[in-house]
Amino acid sequence: MSQFSKRSFSERAATWLEQSGLHPLLARLYAARGVESPEELSLELKNLLSPNDLKNCISTASLLADILEKKEPMLIVADYDCDGATACAVGLRGLRMLGGADTPIQFLVPNRFTMGYGLTPDVVELAAQQIPKPKYLITVDNGIASESGVERANELGMSVIVTDHHLPGDKLPKAAAIVNPNQPNCAFPSKALAGVGVMFYVLVALRAELRKRGKFTNETQPKLENLLDLVALGTVADVAQLDRNNRILVSNGLKRIRAGISQPGMQALFQVAARDPRKANTFDLGFAIGPRLNAAGRLADMTLGIRLLLTDSTDEALSLAQELDRINRERRVIEAGMQETALAHLSEEQLAGTLSQRSSICLWNSEWHQGVVGIVASRLKERFNRPAIIFAPDGNTGEELRGSGRSLTGFHLRDALDIVSKKEPGLILKFGGHAMAAGLTIRKDDFDRFDACFQEVANSLLTDELLERQHIHDGVLQTSEFTPEIGDLLADEIWGQGFPQPIFYGDFEITQQSLMKEKHLRLLVKPLGADSNPATAKPLTAVWFNRTQSLPTKAKLAYRLVTDRYQGQARVQLMIEAHDESPAA
């Protein structure tokens with residue numbers, strides 16, 4: 001059963017925001033998301049939090065300034081997802097901007113299928129073979145849990161600078177420097193920086209240090225804001241909480257994309273995704289651009305994606321983007337097959353009556369691709385409203401399984417895995433992640449034991465309320481608000497994790513419904529609000545993706561309002577999110 005509830009807000013805050021000049025609808029939406037004063041509306045770069053409060057950021061900038069002055073060789077070790085790729089590109093571009101085009105810096109992306117996650121000893125051995133051998137390894141979007149890797153680097157005469165945002169383990173690696181807002185005793189007010197955001201902050205501090213040393217003036221210093229399109233992409237694609245600081249980063253990155261002054265690779269990705277960069281929004285970054293870049297790390301080698309973000313050639317960028325688009329289509333086919341197999345297995349459990357008794361989903365299959373397990377876990381989590389962990393063989397000996405999990409709000413997945421590891425020492429070979437997503441490795445022979453233990457932990461932590469699907473909406477729209485202008489107004493704002501895109505709710509008369517491509521429901525609807533007249537109202541187009549079951553002629557719907565453009569004509573379209581089947585009050 002689903003529960004529908006209206007998001008509460010402060011009338012006083014909404015009035016204050018409206019009186020400051022904000023559109024009345026936006027004033028209500030912002031107040032419902034915790035914005036209390038007009039000052040919080042400003043997303044100018046000058047309002048970014050200071051790097052001074054980010055633990056070790058200033059001292060790391062001083063170390064990097066020394067490295068640049070001595071022209072000592074560096075190697076960036078990247079993660080293989082969108083955040084890692086953008087962080088790597090930001091680091092490379094930024095360090096070359098600040099140190100000069102001849103800065104001796106390379107990058108390396110570990111093969112996720114053979115080397116695992118983070119700065120492992122194997123990755124360090126590979127790094128040591130680079131020519132010239134790097135004196136410094138700089139991790140981006142990884143490294144905070146790489147104790148053994150950092151130890152091996154130190155043994156081989158390479159110092160490690162860790163830039164990361166993941167939660168640390170019980171012990172920190174013995175690195176030359178660690179910049180991570182989530183490390184112990186870091187007073188940085190925002191813990192939500194993505195890996196690319198941490199790297200950007202290090203560069204901002206480095207520029208200030210070089211300015212202090214006389215290399216630049218305020219007028220001659222490199223414009224690091226030119227990198228914000230990449231920062232925005234990595235932040236949104238990593239589903240980072242969009243607190244005010246992250247909204248500032250994302251907003252300014254989107255401004256560059258809309259103005260046509262983003263990196264050639266970004267422009268090429270918008271082109272192959274058939275998206276208009278002039279109207280770029282967070283939805284584009286999260287659901288069109290990010291997946292294409294991520295596809296390289298899932299099925300092939302993220303080196304391809306990083307090359308795309310580093311090139312200044314529009315021709316090369318388009319060629320690389322087209323290859324990523326092809327890989328993404330392949331990923332969709334693999335994902336569909338895995339999901340079909342998973343659903344068939346879960347259908348058997350449903351028939352046996354056991355699925356309803358479970359608080360979690362854990363599955364593996366010898367034919368599954370480890371690069372796609374996270375997406376399938378996300379799909380199953382959404383469908384069944386249960387934390388889901390999907391495993392695939394590791395690709396080496398086949399004796400280990402690598403899993404990726406997705407969670408529900410209120411169930412901290414990494415902490416749950418930590419509990420499992422303490423209850424059953426040695427059961428999990430390694431793990432890491434966040435509240436909502438985590439990765440882990442177990443032995444194939446231990447799957448049933450892990451499933452049972454994880455299920456036990458989930459049962460102890462998940463309440464009936466958490467397991468009940470919650471639909472929180474922003475109330476009813478007036479008939480006068482069903483306009484393309486309102487759709488554009490909403491599209492221009494910065495929505496995302498922690499600052500959710502508006503979902504509205506209302507009663508509708510369904511005048512027509514049919515299937516698109518045999519899997520999406522297309523509707524014509526008329527609002528039944530107190531201020532509407534269905535007899536004279538013009539029907540609105542509505543779409544419910546991945547639903548084939550028809551709706552009753554009158555229905556209470558939760559939906560997003562968007563503006564659809566076709567052949568130069570703008571029209572309102574409703575994107576249906578849910579149907580409230582509860583009886584009228």
For this session: Report, by chain and number, residues whose modeled amide H sits under 5 Å from the one on Cys362, excluding near sequence neighbours (fewer than 5 apart, same chain).
Result: Ile389
Seminar exercise, completed: Restricting to aspartates and glutamates and to Cα separations under 15 Å from Lys444, and discarding same-chain partners fewer than 8 apart, the set is Glu367, Asp394, Glu399, Glu400
Seminar exercise, completed: Residue-ordered couplings for region 260-269, obtained by feeding phi - 60° into the Karplus form 6.51 cos²θ - 1.76 cosθ + 1.60 and rounding to whole Hz (Gly and Pro as x), are x, 10, 8, 4, x, x, 5, 4, 5, 5
Exercise. What is the distance in Å between the Cα centres of region 466-513 and region 1-48?
Worked result: 15 Å
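Roughly how compact is region 472-580, stated as its Cα Rg over 2.2 N^0.38 Å to two decimals?
This ratio for region 472-580 stands at 1.04.
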For this session: Grab the Cα-Cα distance for Lys174 and Cys186, subtract it from 0.36 nm times how many residues apart they are, and report the gain in nm with one decimal.
Result: 2.6 nm
Exercise. Hey, what do the phi angles of region 26-31 turn into as Karplus ³J(HN,Hα) couplings, whole Hz, using 6.51/-1.76/1.60 and θ = phi - 60°, x for Gly and Pro?
Worked result: 5, 4, 5, 5, 5, 4
Seminar exercise, completed: The convex hull of the Cα atoms of region 358-467, divided by residue count, gives a volume in Å³ per residue of 86 Å³
Problem set entry | Charge dipole (debye, nearest 20) of region 472-585; +1 at Cβ of Lys and Arg, -1 at Cβ of Asp and Glu | 520 debye
Problem set entry | Using alpha-carbon coordinates, inclination of helix 195-212 to the longest axis of the chain, degrees | 50 degrees
Problem set entry | Hull shadow area, averaged, region 1-56 [alpha-carbon convex hull, nm²] | 6.6 nm²
Problem set entry | Cα radius of gyration and Dmax for region 94-189 (Å) | 13.6, 40
For this session: Rank the residues Ser251, Ser262 as a footprinting-exposure proxy: fewest other Cβ atoms within 10 Å of their Cβ go first.
Result: Ser251, Ser262
For this session: Search the structure for amide H atoms under 5 Å from the amide H of Leu462, placed 1.01 Å from N in the peptide plane, and list their residues when 5 or more places away or on another chain.
Result: none
For this session: Compute the semi-axes of the equivalent ellipsoid of region 215-305, taking the square root of 5 times each eigenvalue of the Cα gyration tensor, and list them largest first in whole Å.
Result: 23, 15, 14
For this session: Divide by every residue of the chain the summed helix terms, -39500 (n - 2.57) for each DSSP H run of at least 4, and state the resulting mean residue ellipticity at 222 nm, rounded to the nearest 500 deg cm²/dmol.
Result: -12000 deg cm²/dmol
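Note the direction-averaged projected area, equal to a quarter of the hull surface, for the Cα convex hull of region 23-151, in nm².
Averaged projected hull area, Cα only: 11.2 nm².
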Problem set entry | Proportion of all alpha-carbon pairs of region 254-403 beyond 28 Å (%) | 33 percent
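Please state the relative contact order of the chain as a whole percent: Cα pairs under 8 Å, 6+ residues apart?
11 percent
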Problem set entry | Label of the coordinate-derived value, Rg/Rh (Cα atoms, Kirkwood Rh), listed as (i) 1.65; (ii) 0.97; (iii) 1.13 | (ii)
Exercise. Taking H as built 1.01 Å from N, whose amide H comes closer than 5 Å to the amide H of Phe4, not counting residues under 5 places away?
Worked result: His471
For this session: Under 12 Å from the Cβ of Leu304, count the other residues' Cβ atoms, weight Lys and Arg +1, Asp and Glu -1, and hand me the total.
Result: 0
Problem set entry | Pairs of alpha carbons in region 47-324 whose separation is greater than 34 Å (percent) | 12 percent
For this session: Calculate, axis by axis, the spread of Cα positions in region 366-407 along the three principal axes, and write the results as whole Å, longest axis first.
Result: 33, 12, 12
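The numbers here are math on the coordinates, done by the rules we state, and not lab data. Predicted, not measured: the structure shown is a model, and the values here were computed from it. Positions of Cβ are backbone-derived with ideal geometry, glycine not excepted, and every protein chain shown enters the neighbour counts.
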